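Working notes for the structure below.
No lab work stands behind these numbers, since they all come straight from the coordinates. In this text the structure is predicted, and so the values were computed from the model without any measurement. All Cβ positions, even for glycine, are placed from backbone atoms using ideal geometry, and neighbour counts span all protein chains on display.
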Amino acid sequence: MFRLPNRDANPASAKGQQSRMPMGGRLPERWSQSGWKSCVNWCPPVTRLAVLVNPAFPANAESTLRDVEAAARAMGLQIQVFNASTSREIDAAFATFVRERPDALFVSGDTFFTSRRVQLVNLATRHAIPTGFANRESTEIGALMSYGTNIPYAWRQSGGYAGRILKGEKPADLPVVQASKFELVINHQTARMLGLDVPPSLLARADEVIE
């Protein structure tokens, strides 16, 4: 039986805990727009999705798990959650993936995982695990796909905030703005290497296709 990590427990001890998600519920807006559901459908039949989060950044890990749980309910998926906050723990997680063979892997958006993207992509490639990331940098070096915030656009938003503050506006008076521009990037070369046929309709939806 799959079960999610107990969030009242020490997150570092929640490696490899799982949860079975029944059908039902509504896909969150940012997931439904992202193309993740379509990507799950065109990968080899996906019923078990591994999710890698960093317990050293609990707020981000909690947010990722909330989104993944809701998406998994809508798609009828089982999810298996793994924690990693060191290079060695990444290796250990992939050792488990090799034994248990999840149908696909999603790596949450995290500065640590971004810094370890070469290790993550190399392991995913070596073991032929279809892997999605939250940052395009990983897809540019060989990950299957990514869906996440458009970073240049986010920096422009930050610049606009800085300009308003320099003009005399009080930071406390400025509205909180969440990321609103996301991008889907597909590495078509990696898809071919994995033996995946990407539907032309999905390629057309992608913001960038890497050949």
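The distance between label points at H188 and R101 comes to 3.0 nm (points 7 Å beyond Cα on the Cα→Cβ vector). Of the peptides 114-121, 49-56, the ranking by mean beta-carbon count within 10 Å, highest at the top, reads 49-56, 114-121.
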